[in-house]
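First the structure, in the form of C-alpha cells, and then the observations on it.
Since every read-out is calculated from the coordinates, none of them should be taken as a lab result. Predicted, not measured: the structure shown is a model, and the values here were computed from it. All Cβ positions, glycine included, derive from the backbone under ideal geometry; neighbour counts span all protein chains shown.
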C-alpha cells in the first residue's frame, strides 16, 4: 500500500490528495479522540498500511512500535474503534481520528477509559484522575 | 534538564513521578487541544527541555524537528499557548496539553485555527473545512 508524495508546499498544505509524510520509520502520529466527549483517548502510530486500512474499513488500525507489527485496535481487548472522522494536519505527518470505542468503551490497556489518566501537577508530580462514574472502565 | 527513568512497569504506568520515555531522538509526542472547545489544535514534539519549560512556565514549548531547535510556541506568531492542564499517557511517551492560544486565537501557520483543517473523505481525498465564522483566523 502506498500513498503519493506531495511535490510542493501548496500541494502538501492545501491539496486535496492525501500524501502523508511518513517519518524515517515509515510512521505518522495518530491521535484518537472520543467522537462524543472529545476527550483524547490515546496517541499511537500508523504506517501506510494502518492508515489505508483505517480509511478503507473505518475502524482504527495502528502500527505497534514495540511489537513492530500492524495492530487492529480491539482485536484482543474488544475495544474496537469505529471511526467517525479522519483528519490530517497541515504538513500531513499527523492524523486525528474521532472514534467510538466498542467493548467496555475504553481505550487504555491499564484499565482507564483514556490513556491520559494522569495530570502533571504544578510541582511536576503525577496525579491519577478517576474516570467519571458514568463511564465504563475495564480492568 | 533531565527526568528520572521508571524502573518498573508499575512505576511507569501508575507512578506519581514524571518519567517520560523519550524516543531515540529524545522526543515525546505532544498533542494540544483547545481548553475551551476541546478541538485538537496541533500535534508536535517535546524534548526534555521543552517539556520541563512547559511544566514550569505554563506556556507551551516544543522541539522543532525541521529546525532541530527548541521552540516557544507563539514567539514569532503571537500564538502563545497558555497551558491549563498537562497530562501524560500510560507509557509516558506522549503528553496532552490543554491550551488557550493568545494572539489571533489560532495555532496553525497556514492560517487555520487548528492544523487539522482537512477531513479525509470516504474516497480518500481531502476536504478543507472552513473555520467556524465566530473564530478568528490569521493569514
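If a residue must be more than 9 Å from every other protein chain (Cβ to nearest Cβ) and outside any loop (DSSP other than H, G, I, E, B), how many such residues does region A:1-29 contain?
Total meeting the criteria: 5.
For region B:2-17, which positions are touching a helix residue (DSSP H, G or I) at 6+ places or on another chain (Cβ under 8 Å) and free of Cβ contacts under 8 Å to residues at least 60 places away in the same chain? Step through it out loud before you land on a result.
Taking region B:2-17 as the starting set, the residues that turn out to be touching a helix residue (DSSP H, G or I) at 6+ places or on another chain (Cβ under 8 Å) are B:2-3, B:6, B:17.
Within region B:2-17, B:2, B:3, B:17 qualify.
Considering only strands (runs of 3 or more DSSP E) fully contained in region A:33-115, which possess at least 2 residues that are within 12 Å of another protein chain (Cβ to nearest Cβ), crowded, with 17+ Cβ neighbours inside 10 Å and touching a residue at least 40 places away in the same chain (Cβ under 8 Å)?
A:40-46, A:94-101
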